[in-house]
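The values are calculated or read from the model by the stated rules, or taken from the named source; none is laboratory data. Just so we're clear, the structure is a prediction, and the values are computed from it rather than from any experiment. In this analysis, Cβ positions are derived from the backbone assuming ideal geometry, glycine residues included, and neighbour counts consider all displayed protein chains.
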Amino acid sequence: EAVTAALDAIEKKEKLVNSFVTVDREGALKRAKEVQKQIDDGTLTGPLAGVPVAIKDNMCTKDLLTTCSSKILYNFIPTYTAEAVLNLEKAGAVILGKTNMDEFAMGSTTETSAYGETKNPWNTEHVPGGSSGGSCAAVAAEECVFALGSDTGGSIRQPSSFCGVTGIKPTYGTVSRYGLIAYGSSLDQIGPVAKDVTDCATILEAIASYDTKDSTSVKREDYDFTSALVDDVAGMKIGIPRDYFGEGLDPEVKAAVLQAAEELKKKGAIVEEFDLSLVEYAIPAYYVIACAEASSNLARFDGVKYGYRTKEYEGLHNMYKKSRSEGFGSEVKRRIMLGSFVLSSGYYDAYYLKALRTKALIKQAFDKAFEKYDVILGPAAPTTAPKLGQSLSDPIKMYLGDIYTISVNLAGLPGISLPCGKDKNGLPIGLQLIGNCFEEKKIIRAAYAFE
Ligand code: GLN
């Protein structure tokens, strides 16, 4: 019933919202029947059994189209399923389809998709954020119960904030990246998007696992995230970085986020301001590292083994060149060029190495902050969702919008974004809570107490 209801909602709302690249109606109904049978005969139990889920289109799903919202993968049908998705299937979740995203997860608005933009369900003249805009819009529009997104520099937290839903970016290494089509491999993490903290903790518990197929996977001592769902923040130390509340922050967002801090204080948390001035260098460092890794990761899309191949060409090199020129969109090309440049001999030390050093300093600054605080609190994004068509013309401005999320990826930390109010136009505002590595439970506890 839940799956049928979700499919009906998709049918009704997709024309308006466009959250999905692919809807697998038949597959979902078939799987729902199988799952129902297992539930009935008692072989399948647990909170996710029979729950309809949407998967971001950069996670491989066996026999189901996986495009990364790019023309270059317009016909790519994987032969295997990403580990995180497999974990969900084992828990009995039913995949409805694949959600729209910025092409190869590069962007903050879901407007760089080759399959059309996704719209914000709260106001369809506005963007849903990105790059996991399809996943967050699908949850907000109730086209699914929850979704998976990926976060390289904020792509779960920022669209969650714009769409008024809750999303977690786990500590790097917590969820396997096996089968996640790589953007910036040292930063990418898969995470849940859902209507509240309880659902997110439950999903994270299901998808997190140690996986030898991902060399950066970490064997954690404790995967019991739901045990942190307790309404108690008495004595918890919360740090507010002054640098997160300066220039560029919308006054309505600022007021709502500070109000959230006030509420946690009322519940017994100790709230204090502190300096985290290094974050100013996070954007340049991130865009150098992410583009460098992307330029290498995207080298495999050459028209030979899979994906788009140009129709007419003369010789192998011409085929590569034309397939890539025609297959990639302009934001992806910009980043491949930027990444190739910062890795080229003569510029490697000046840009790439410097960015890596900056990354290490940012990690140190967070380490120091977490000696004092349990959780860091701030906004997820400087504004609420902008109107469609406003961001792409000025990429630098778009990159600056990632200011509050990016350093979390550079330091490998967990972060959660959850709704904390609305602006005067009725668009959602997101609160971000950041934890130390492997301390998801603290941010889940604080978020649950606030919610
Ligand atoms: N907006 C950032 C970028 O364009 C983050 C994207 C992401 O997290 N995938 O790179």
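Given the options Ile443, Ile434, name the one that is within 16 Å of the ligand (Cβ to nearest atom), surrounded by 23 or more Cβ atoms within 10 Å (Cβ to Cβ) and β-branched (Val, Ile, Thr).
Only one candidate qualifies: Ile434.
Sort out which residues of segment 69-97 are closer than 19 Å to Gly130 by Cα, more than 16 Å from the ligand (Cβ to nearest atom) and surrounded by 24 or more Cβ atoms within 10 Å (Cβ to Cβ), and write them in order of number.
Gly97
Could you count how many residues in segment 383-401 are crowded, with 19+ Cβ neighbours inside 10 Å, of a type outside the set (S, T, N, Q) and modelled with pLDDT of 95 or more?
Residues flagged as crowded, with 19+ Cβ neighbours inside 10 Å, of a type outside the set (S, T, N, Q) and modelled with pLDDT of 95 or more within segment 383-401 amount to 3.
Let me spell it out: the conditions are (1) within 16 Å of the ligand (Cβ to nearest atom); (2) part of a helix (DSSP H, G or I); (3) hydroxyl-bearing (Ser, Thr, Tyr); (4) under 30 Å from Ile77 (Cα atoms), and Thr202 meets all of them except one. Which number is the exception?
For Thr202, the exception is condition (1).
Only one of (1) within 30 Å of Leu377 (Cβ to Cβ); (2) crowded, with 21+ Cβ neighbours inside 10 Å fails for Val332. Which number is that?
In the conditions (1) within 30 Å of Leu377 (Cβ to Cβ); (2) crowded, with 21+ Cβ neighbours inside 10 Å, Val332 misses (1) alone.
Per-residue answers, yes or no, for (1) within 16 Å of the ligand (Cβ to nearest atom); (2) small (Gly, Ala, Ser); (3) at pLDDT below 95; (4) more than 25 Å from Lys368 (Cβ to Cβ):
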{"residue": "Lys265", "(1), (2), (3), (4)": "no, no, no, no"}
{"residue": "Ala269", "(1), (2), (3), (4)": "no, yes, no, no"}
{"residue": "Leu298", "(1), (2), (3), (4)": "yes, no, no, yes"}
{"residue": "Gly329", "(1), (2), (3), (4)": "yes, yes, no, yes"}
{"residue": "Leu338", "(1), (2), (3), (4)": "yes, no, no, yes"}
{"residue": "Ser344", "(1), (2), (3), (4)": "no, yes, no, yes"}
{"residue": "Leu356", "(1), (2), (3), (4)": "no, no, no, no"}
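Considering segment 198-222 alone, what residues qualify as being at pLDDT 95 or above, loosely packed, with under 15 Cβ neighbours inside 10 Å and not polar (S, T, N, Q)?
Those that are at pLDDT 95 or above, loosely packed, with under 15 Cβ neighbours inside 10 Å and not polar (S, T, N, Q): Tyr210, Lys213, Lys219.
Residues of segment 23-68 being over 19 Å from the mean Cα position of the chain (by Cα), surrounded by 15 or more Cβ atoms within 10 Å (Cβ to Cβ) and β-branched (Val, Ile, Thr), which ones?
Within segment 23-68, Val23, Val35, Ile39, Val51 qualify.
Among the residues in segment 129-137, are any buried (at least 24 other Cβ atoms within 10 Å of the Cβ), touching a residue at least 24 places away in the same chain (Cβ under 8 Å), more than 13 Å from the ligand (Cβ to nearest atom) and outside any loop (DSSP other than H, G, I, E, B)?
Yes: one or more hits.
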